[in-house]
Amino acid sequence: MFYQNARIFTTDFQFHTGAFEVTDGVFGQILPQSVPSDAVDLHGALVIPGLVDVHSHGNSGADFSDGDYAGLQKMAARYAAWGVTSFAPASMTLPYDVLEKAFATAARLAQEAPQGHARLMGIQMEGPYFSYKKRGAQNPDYLKEPDFPGFRRLYESCGGLIRIVDVAPELPGAAEFTRQAKDLCTVSVAHTDADYDHAKAVFDAGATHLTHLYNAMPGIHHRNPGVIPAAVENPAVRAEIICDGMHIHPASVRLAFSMFGPERMVLVSDSGRCAGLPDGSKFQLGGQDAWLRDGVARLADGTIACSAANLWQCLQNVISWNIPQEDAIRAATYNPACAIGAQDKIGSIDTGKLADFIICSPDYREKRVFLGGVEVK
């Protein structure tokens, strides 16, 4: 099938007016020289790749760490409806046996790939190798020092589906853990109180990702620069950022895009099971009670927790905060696909890649979502 008269976000990260083809679930010709007379006319609508969320814990009352397959399916269906066509669910700081159960459900969903559900393309293992001081909403009862043998067992138990593993650089053995784990997946710096030297050592050892920039890490200080400048200085490092409008001020989002550049920014939702639930809901987060009040998820002590937003809302926010739309789209599609090593399959509109795309209005208020060329209803 051909679609014509569209503004297509192509692999040069710009919009071009033209046509594209979908055949057998993948993209065929992009901006072809000739178009069949029966091509579908999109009347100037925007066409962008399906969004890729590499850091989301759950939605609609379900959480990945529950280890419940029906709940994970429910999450994947809701993601697809929101325009998130691929995701890598994030776990919490929990015992290894609980994580192994959750990871098994991920492997099952990835293998079964039910129609109309977002594609599960990996796992982000967020914890337990974190700083107590910067634990945020992570459960302190289960924090551990970096443990490569334990991590490797989890990695192998789910068939290598872990695509990002997080670590605090100041913990004993963090650099050595990074040197070993980087050969299996992306290593990310997270939930850390590290100084510049410790952070740089882990980035030099092979970490190439920074989990939820600004959150659960020291701010930038001119005499104690910390984690963020160490990440900025290393051109291999991408930075996630939560753009729900609650976790980070829009000016700090603009600063992040200036520091890292559009090629190194990754939009994430960091949504919890509260996403899609009514305000006032009480829910569980990593074995702890949390509440959604006035759109903000918090623990009992007031600690801000996960977000209640989805990645499409985050994309809308970033564009409204005067980030160029091309940069925002790249940060929600191609860059996260690269972070989980899936850029050869998803994240851009290119011949041979999976035909996951969104047809949307120029103001990003109306959209139609397609998975493998089939519209999500």
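If each residue of separation counts as 0.36 nm, what is the full-extension length gain between Glu366 and Ser252 once their alpha-carbon separation is subtracted?
38.3 nm
Between the alpha-carbon centres of segment 141-218 and segment 231-282 there is a gap of 19 Å. Loop-located GluC sites (Glu not before Pro) in segment 87-128 (DSSP state not H, G, I, E or B) with no more than 15 neighbouring Cβ atoms inside 10 Å do not occur.
Working note: Karplus 6.51/-1.76/1.60 with θ = phi - 60° gives segment 143-152 the couplings 5, 9, 6, x, 9, 5, x, x, 4, 5 Hz, where Gly and Pro are set to x.
Between Asn224 and Gln284, full extension at 0.36 nm per residue minus the direct alpha carbon distance yields a gain of 18.0 nm. Proximity of backbone amide H atoms, modeled 1.01 Å from N, is registered between Cys306 and no other residue at under 5 Å, excluding neighbours fewer than 5 places apart on the same chain.
Backbone phi angles across segment 204-221, fed through the Karplus curve with coefficients 6.51, -1.76 and 1.60 (θ = phi - 60°), yield HN-Hα couplings of 5, 6, x, 5, 10, 8, 10, 7, 5, 2, 6, 7, 6, 7, x, x, 7, 10 Hz in residue order; Gly and Pro are listed as x. Put simply, the amide H of His55, placed in the peptide plane, has neighbours under 5 Å in Ala88, Ser269, Asp270, leaving out anything fewer than 5 places away on its chain. Basic side chains Lys and Arg get +1 at the Cβ, acidic Asp and Glu get -1 at the Cβ, and with that the dipole of segment 258-352 about its Cα centre reaches some 200 debye.
Dividing the summed -39500 (n - 2.57) terms of all DSSP H runs of n ≥ 4 by the residue count of the chain sets its mean residue ellipticity at 222 nm at -8000 deg cm²/dmol. Going through (1) -0.63, -1.20; (2) -0.26, -1.23; (3) -0.21, -1.15, the figure that equals log10 I(q)/I(0) by the Debye sum over Cα atoms at q = 0.06, 0.14 Å⁻¹ as computed for the structure here is (3). Most simply put, the chain has about 55% antiparallel DSSP beta bridges, counting only bridges with both residues inside it. For segment 95-111, 3J(HN,Hα) computed residue by residue from phi via the Karplus equation (6.51, -1.76, 1.60; θ = phi - 60°) reads x, 4, 5, 5, 5, 4, 5, 5, 5, 5, 5, 5, 4, 5, 5, 4, 6 Hz, glycine and proline entered as x. Along the axis of the charge dipole computed for the chain (Cβ charges of +1 for Lys and Arg, -1 for Asp and Glu, origin at the Cα centre), the listed residues Asn317, Thr211, Ile228 are led at the positive end by Asn317. Legend note: in the chain, cysteines whose Cβ sits 4.7 Å or more from every other cysteine Cβ are Cys158, Cys185, Cys274, Cys306, Cys338, Cys360.
Assuming charge only on the beta carbon of Lys and Arg (+1) and of Asp and Glu (-1), the dipole of the chain about its Cα centre is about 260 debye to the nearest 20.
Throughout, read-outs are computed from the coordinates displayed, never taken from laboratory work. Because the structure is predicted, anything quoted here is derived from the model rather than measured. Here Cβ is always computed from backbone atoms with ideal geometry, including for glycine, and neighbour counts include all displayed protein chains.
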